[in-house]
1. Against the longest principal axis of the chain, how steep is helix 780-790, in degrees 0 to 90 to the nearest 10, with axes from Cα atoms?
2. Which shape class applies to the stretch 346-484: rounded if a/c is under 1.5, otherwise prolate when a/b exceeds b/c and oblate if not, where a ≥ b ≥ c are the square roots of the Cα gyration tensor eigenvalues?
3. Tell me which residues come under 5 Å, amide H to amide H, from ILE85 once H is placed; ignore anything under 5 positions away on its chain.
4. What GluC sites (Glu not before Pro) does the stretch 586-689 have in DSSP loop regions with at most 12 other beta carbons within 10 Å?
5. What list of ³J(HN,Hα) couplings, whole Hz, do you get for the stretch 728-745 from phi and the Karplus terms 6.51, -1.76, 1.60, once you set θ to phi - 60° and write x for glycine and proline?
6. Using the Cβ atoms and a cut-off under 9 Å, what net charge is assigned to the surroundings of ASN714, where Lys and Arg are +1 and Asp and Glu are -1?
7. Across the stretch 718-831, what fraction of all alpha-carbon pairs, as a whole percent, falls in each successive 5 Å bin from zero upward?
8. How far, in nm, would the chain grow between LYS801 and ASP161 when pulled straight, counting 0.36 nm per residue and subtracting the alpha carbon separation?
Amino acid sequence: MSFLKLPFRKIPFVIQPVFRKVTGMKNRLVFLLILGLSSCKGDQSDLHFFDPGISVELAEFRSQQIKDIHYQLEFSIPEQKTDPIASKLNLDLELVNIAHPLILDFNETPEKILAIQVNGKAIPVRHENEHLIIDSEYLIKGKNQVEISFIAGDLSLNRNDDFLYTLLVPDRASTLFPCFDQPDLKASYSLTLIAPKDWTVLAGAPILTKVAQGEYVKHEFQKSDRMSTYLFSFVAGKFHEATSTMGMPMHLLYREDNEEKVSTSLPELFRLHQQSVEFLESYTGYPFPFQKLDFATIPIFQYGGMEHVGAIQYREGALFLGPEATDSELLSRAKLIGHETAHMWFGDLVTMKWFNDVWMKEVFANFMAGKIANPAFPQINHDLLFLTSLYPGAYAEDRTKGTNPIRQNLSNLKNAGSLYGGIIYNKAPIMMRQLETLMGEEAFQKGIQAYIKNFANGNAEWNDLVQLLDQQTPEDLMAWSEVWVNQSSRPIFTQDLTLAKDGKIETLRLIQKAEDGSDKVWPQFFEVTLVYADTTRIIPVSIKGRSEEILEAKELEKPLAIWYNTDGLGYGVFPIDESNLDQIPQIENEVSRASAYLNLFENTLNGGVKPTKNLEVIQAGLKRENNEIILQLISGQANTLFWTFLSEEVRKEEAEKMEALVWDRLNQGLKPNVKKSLYNLYSGIAFSETGQAKLYGIWNKEINISNLNLSSDNLTGLAMNLALFGHPKSEEILDQERSRITNSDRLARFDFLRPALSGKEEDRDALFLSFKDSQNREKESWVLAACGYIHHPLRQKESVKHLSLALDLMEEIQRTGDIFFPKGWASNTIGQYNSPEAEQLVQDFLKSKPDFNPVLKNKILQATDNLSRAQKILV
């Protein structure tokens, strides 16, 4: 009998590693661990179990060893943010076997573990490579209790003078307390927080009791629902509070003190959460899955939001909007709330087994957010918004040499933060819309409902979902998924048009080739529009192969123009005829017009159209465009072309035209939303003396533009731009602007950024050099804003000397920063440059580090893609 047919447990241990290799199974090292982990320390250096971070081998082993986890945690928060936080953990769990040590994760120094008791017996501390190891001799099969006294780690506590908040995604729980920091070991939590008496607290379960203890209050929370470690959280500090009892009870902590923003926003925030819950309960067929839905808004929050169970955290500025907010800003807020609420089902209730599938929770949150929020904004073209809000971000990464598949490999959770980016947040929803189109909405929803029902309170991976969706459609979703999900890049389409002798179309064929040179083919749907003098012909196209003939075009008259992807559904770079570019601003259909602008920009970056010609088309569009969403799209493109793909000399020439054009439109009778989009472009490019004078007039309120509603934050940003542009009264402007700021959080941000705006090179240098110290990088959004000013194209001659340091810090920034910080750091430093000197620095850096973290290398390649392209297309 062949040993391949034996049950695995019966295979002699000497050939088990070989068996693993032959059969392609992942856990080749598991039984080596079983054999020698407890007794042979000399062999352990070869095992991934003890690598820093959480290896996939360790995670899979623990998922078989441990169950029924309950963390009882106590944190004593002092009033001073520099004082240590004394903490306790009582860990209840059941062990399936005790032949091997129990390995907890604690990414802190061993000195922070003060004492350990296991099943009532004190044991020595054994801490190795970010792991706390409890030897088998102290364990019993079945229920065990581990008691640990420790000092909480600070890395993910986000401590400020009068508030703090945890942010533990993806593997940061182990930087705070000892735990099993992997998503498939879900647990319940009983939390106790001892905090200053004038502080308010919020966590994932309801408050049970409050007991005064002198200058402190002890807050005990009820036992939480089961969740992964990255979803555990608490907030504590000086916050305002608000409660809603309309529908589902909700509680909010916030620090915003602008009365107009608060009164305008509070009712809407509760309503939007309630609306989201009701939609998701109906769509998924599953009731709200947790004890409560509370949330906190935090001024310096690193992301738009984070879906902690029972205690969502948001960036405060994204939720509290004033009466001057545009429709797009209001919709963005509604989608953000829909996104985080959707995570209660997609991510929190059903969680990925491993972070290689982190994209699943994000794609569904994004996808559901549109379904939730869109009906409340009938005045907005949502197909247009889908196109303009997702495709540019997807292309910005997928066109680069550092692109990655939607589903990525992940050998260790310490690298999980680097998986996040434009592919997950932008390309994945595009893929999901193609999938829903392929299946049909009803079949797609049935598959999603089965997914939620089957995996509620558990974990799933992408193939689990595909198998359920496959049952609802005759299509081969596994094959479809292989290209869209498991592989990277995008298609470049070319056109093959042949005419018959009578001048009619004989064949119109589309040929696709992967941008990375591979033989991949993306099956997809989109429309092609043939334009004639007095009519148009719209042809739906289903692309299934490398070359696809558009049969409906056969024997039609030769059109004046052919526009591809006019419904905005397609993904890739499409053919474009330079002789027809001037028609783009006149395309009547909004989605088709935006798609044409988007395709023109992609063709420009690929070298098919000169940047000045692209800018010329955009300028023609700016003269007549009245759609806020399209204005935002082409304004962003204009800004990129202006600062990155024009030489300094050409930029000065174009500045005069651009400033005059946009200023003229600002003074026309346009809607407030349109005016705001035009103002945002103008305030970012008007660096000439004339432009600065007009911006100064707006800032000091000597110039009043009708229907242009600017908030206090807009005026602060304008003051900063004037300083960046080198206005003669920069210091006076900044002093006066500072005196206007009454909110303490905004004032702290202003003071942090001010050296970056200084006219003195040494001030800017000192601030950037201070970022070598990780403590000075804690407020990441502030740091990125500062880098944006320091490395702005107007400052690059003085700041290029810092680029080597910016690159050298990448690995440390990944270790100490949150998930979006490494890419943001690269984008706001070297990613803003267009010079050969900067490009050479990147190339030299990567060549000098052949073993550099490949995920971080990809982040650098993504961030510097425009820099690389500028060497070829700069004019």
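Only the coordinates and a few stated rules stand behind these numbers; no lab work does. Predicted, not measured: the structure shown is a model, and the values here were computed from it. Glycine gets a Cβ as well: all are built from the backbone with ideal geometry, and neighbour counts include every protein chain shown.
1. 40 degrees
2. Here the stretch 346-484 falls in the rounded category.
3. Correct list: ALA152.
4. Taking the stretch 586-689 and a limit of 12 other Cβ atoms within 10 Å, the loop GluC sites (Glu not before Pro) found are GLU588.
5. x, 9, 3, 5, 5, 4, 5, 4, 5, 5, 4, 5, 7, 7, 9, 7, 5, 5
6. Its environment carries a net charge of -1.
7. Pair shares across the bins are 2, 12, 23, 23, 19, 12, 7, 2, 0.
8. Contour length minus Cα-Cα distance gives 227.0 nm.
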